[in-house]
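J.: Could you have a look at this structure, given as structure tokens, before my questions?
The values are calculated or read from the model by the stated rules, or taken from the named source; none is laboratory data. None of these values were measured; they are calculated from a predicted model. When we count neighbours, we look across all protein chains shown, and the Cβ atoms used for this are built from the backbone with ideal geometry, even at glycine. For the accessible areas, the whole protein counts, side chains as well, though only heavy atoms, and no ligand, DNA or RNA atoms are used. Shrake-Rupley method; radii C 1.70, N 1.55, O 1.52, S 1.80 Å.
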Amino acid sequence: MRRMLLSSLRGSAVWGFRIDGVLHEHQTIQGVVEDVHQIIGNLKTLTLALDDDVEDAILRLKVRKSGAVTAAQLDSHGGVTIVNPSHHLFTMQDERDLSVELYVNKGRGYLEADQHPTDRSLPVDLVRIDSIYSPVKRVNFAVAETRVGQRTDYDRLALTVETNGTVTPEEAVSYAAAMVATCSANGARPILLIWPLRERKSDVDLLTEHFNCSLAERHGISSRSFGADVMSLLRAYSWPGNVRELRNVVESLLLTSNE
């Protein structure tokens, strides 16, 4: 789920730009405080959204006065919404005419500049940039024990999701869950049912390594290498269904081995 949230949701971003007199990213612009590299950094963090029926667009900007230039000064486009209009683009030091074109499209995850499709019909002075399409900025999760009827061997998954404002956290989780469900439609187990740990022995090794590293960092100690005999016992144990007990065992092994 976390991987789906961070890499598989569609979003919109600037993938290229044109500025008068700019042919590549390794140069400065006359009358502009920031160099091209700094401007690219600002464009990568510009948050916008394209309408459902719009796949790409070109946003234009013409500047004549000195001072800070923000996203609010971009010419309005019927199919594009600027989520953070106060976002800083660059600063004009001198009063001069400067034209800017921003090329925007939809995509998923993170795409490097050289991964954008090459179209010979595009202008030769178009500069491609890395694009951050994902509308999800951060995802954290926690697993806790929960009770279902008379059974206490279930786990509850709590997600903390932060987005860029183009979608709500609830919408992002809903989209990601639908995508996982679609991918799992070929007879896989229901995606929100977490089976007791004793029924998924193959997860013991992965979880043990995860707790080994995360708990060692938390306590400020070195992680340890568990021998084959220890791992065999961990796999053979009939866990009551929650990962917390395995976590406690790994934590005890770590702390006693560092005393």
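J.: Any chance you could count how many residues in region 205-249 are of a type in the set (A, V, I, L, M) and under 20 Å from Leu157 (Cβ atoms)?
T.: Kept after step one, since they are of a type in the set (A, V, I, L, M), are these residues of region 205-249: 206-207, 215-216, 221, 228, 230-231, 233-234, 236, 243, 246, 249.
From what is left, the residues that are under 20 Å from Leu157 (Cβ atoms) are 206-207, 215, 243, 246.
Looking only at that region, the number is 5.
J.: For region 48-66, which positions are touching a Ser or Thr at 6+ places or on another chain (Cβ under 7 Å) and either open to solvent by 20 Å² or more (accessible area, probe 1.4 Å) or among the small types (Gly, Ala, Ser) (or both)? Break it down stepwise before answering.
T.: Going through region 48-66, the residues touching a Ser or Thr at 6+ places or on another chain (Cβ under 7 Å) turn out to be 48-50, 62.
Result: Ala49, Lys62.
J.: Tally the residues that are out of contact with any strand residue (DSSP E or B) (no Cβ under 7 Å at 6 or more places or on another chain) and touching a residue at least 40 places away in the same chain (Cβ under 8 Å), restricting the search to region 12-53.
T.: Step one: filter region 12-53 for residues out of contact with any strand residue (DSSP E or B) (no Cβ under 7 Å at 6 or more places or on another chain), giving 21, 23, 26-28, 30, 35-38, 40-41, 45, 47, 51-53.
After this cut, where a residue has to be touching a residue at least 40 places away in the same chain (Cβ under 8 Å) as well, the list is 23, 30, 36, 38, 40, 45, 47.
Total meeting the criteria: 7.
J.: Let me ask something additional. Has region 37-45 got at least one residue that is more than 30 Å from Tyr175 (Cα to Cα), among the β-branched types (Val, Ile, Thr), modelled with pLDDT of 90 or more and not in a helix (DSSP H, G or I)?
T.: Among the residues of region 37-45, not one is more than 30 Å from Tyr175 (Cα to Cα), among the β-branched types (Val, Ile, Thr), modelled with pLDDT of 90 or more and not in a helix (DSSP H, G or I), which makes the answer no.
J.: I would also like to ask the following. Residues Ser121, Ser134: which one is part of a loop (DSSP other than H, G, I, E, B), at pLDDT 90 or above and farther than 30 Å from Ser66 by Cα?
T.: Details: Ser121 fails: at pLDDT 90 or above.
After ruling out the rest, the residue left standing is Ser134.
J.: Does Val69 meet the test of being modelled with pLDDT of 95 or more and touching a Leu at 6+ places or on another chain (Cβ under 6 Å)?
T.: On the way: modelled with pLDDT of 95 or more: yes; touching a Leu at 6+ places or on another chain (Cβ under 6 Å): yes.
Spelling it out, Val69 is indeed modelled with pLDDT of 95 or more and touching a Leu at 6+ places or on another chain (Cβ under 6 Å).
J.: Among the numbered criteria (1) closer than 16 Å to Leu98 by Cβ; (2) surrounded by fewer than 12 Cβ atoms within 10 Å (Cβ to Cβ); (3) of a type in the set (S, T, N, Q), which single criterion is violated by Ser76?
T.: Of the numbered conditions (1) closer than 16 Å to Leu98 by Cβ; (2) surrounded by fewer than 12 Cβ atoms within 10 Å (Cβ to Cβ); (3) of a type in the set (S, T, N, Q), the odd one out for Ser76 is (1).
J.: Pick from Ser99, Ser86: which is outside any strand (DSSP E or B) and polar (S, T, N, Q)?
T.: Values: Ser99 fails: outside any strand (DSSP E or B).
Only one candidate passes the filter, namely Ser86.
J.: In the set Glu145, Glu95, Glu112, which member is surrounded by fewer than 18 Cβ atoms within 10 Å (Cβ to Cβ) and closer than 22 Å to His37 by Cβ? Walk me through it before giving the result.
T.: Values: Glu145 fails: closer than 22 Å to His37 by Cβ; Glu95 fails: closer than 22 Å to His37 by Cβ.
Of Glu145, Glu95, Glu112, the one residue that is surrounded by fewer than 18 Cβ atoms within 10 Å (Cβ to Cβ) and closer than 22 Å to His37 by Cβ is Glu112.
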